[in-house]
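The structure appears below as structure tokens.
Just so it is clear, none of the values below were taken in a lab; they were calculated from the coordinates. Just so you know, these numbers come straight off a predicted model, no measurement behind them. Cβ: placed from backbone, ideal geometry, glycine included. Neighbour counts: every protein chain shown.
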Amino acid sequence: MTVESFLVNPEALNSLYGHVPDLVDVRIRSINLNWRGPTVTLRIDLPFFPGSAPQEWTDAGTDTVQCQLQFLAVENISLTGWDPPAVGRVEMSSWGRESRMRVTADGRGVALRFDCSESVRVGHVSAFRIQADGSDDGPHLFVSKIDARRHTFLPSTDEKTFYER
């Protein structure tokens, strides 16, 4: 199964890319663990910039697309490696019980595995210009009108409305 088959809301990525890109060579920016749900949220940079990016993004000189992937009903989590900057592959595959899947994020600087619901939510899709040091500290242009109205930069990691919903 493809990544897109697990996404409950692939529309934002489909509108940018025409499809959901494979999650290979993605930069994993953060891993947020939340006991409510329980939930894991990955903030990732997608592997390439869309060829037909919105004109606003092109005019602003953005070169990277970032989003969050939120996984629900998480269990059996194992994080045995986290040494950012982390670049790797995020894989999702059905297994075992009905409506469950296994997620692995492996690569340079990350070794994460967990089981969860087969429903993955995409959120907070934005574009930015990556800094020389690889950081995402600069301005972000968000796809969501609500995000665009609330944020021009990434909020601090304790902003619950951004990182936990």
> Of the numbered conditions (1) over 17 Å from the mean Cα position of the chain (by Cα); (2) without any contact (Cβ under 8 Å) to a residue 40 or more places away in the chain; (3) surrounded by 11 or more Cβ atoms within 10 Å (Cβ to Cβ), P139 satisfies every one except a single condition; which is it?
Replying inline: (2)
> Checking A127 against (1) in contact with a helix residue (DSSP H, G or I) (Cβ under 6 Å, 6 or more places away or on another chain); (2) outside any loop (DSSP other than H, G, I, E, B); (3) surrounded by fewer than 17 Cβ atoms within 10 Å (Cβ to Cβ); (4) not hydroxyl-bearing (S, T, Y), which test does it fail?
Replying inline: (3)
>> Looking only at the range 1-22, how many residues end up being farther than 19 Å from R100 by Cβ and assigned to a loop (DSSP other than H, G, I, E, B)?
In response: 7
>> Let me spell it out: the conditions are (1) outside any helix (DSSP H, G or I); (2) surrounded by 16 or more Cβ atoms within 10 Å (Cβ to Cβ); (3) not polar (S, T, N, Q), and E98 meets all of them except one. Which number is the exception?
In response: (2)
> Can S144 be described as surrounded by fewer than 17 Cβ atoms within 10 Å (Cβ to Cβ), hydroxyl-bearing (S, T, Y) and within 24 Å of N14 (Cα to Cα)?
Replying inline: yes
> In the range 27-40, how many residues are out of contact with any Leu (no Cβ under 7 Å at 6 or more places or on another chain) and surrounded by 17 or more Cβ atoms within 10 Å (Cβ to Cβ)?
Replying inline: 2
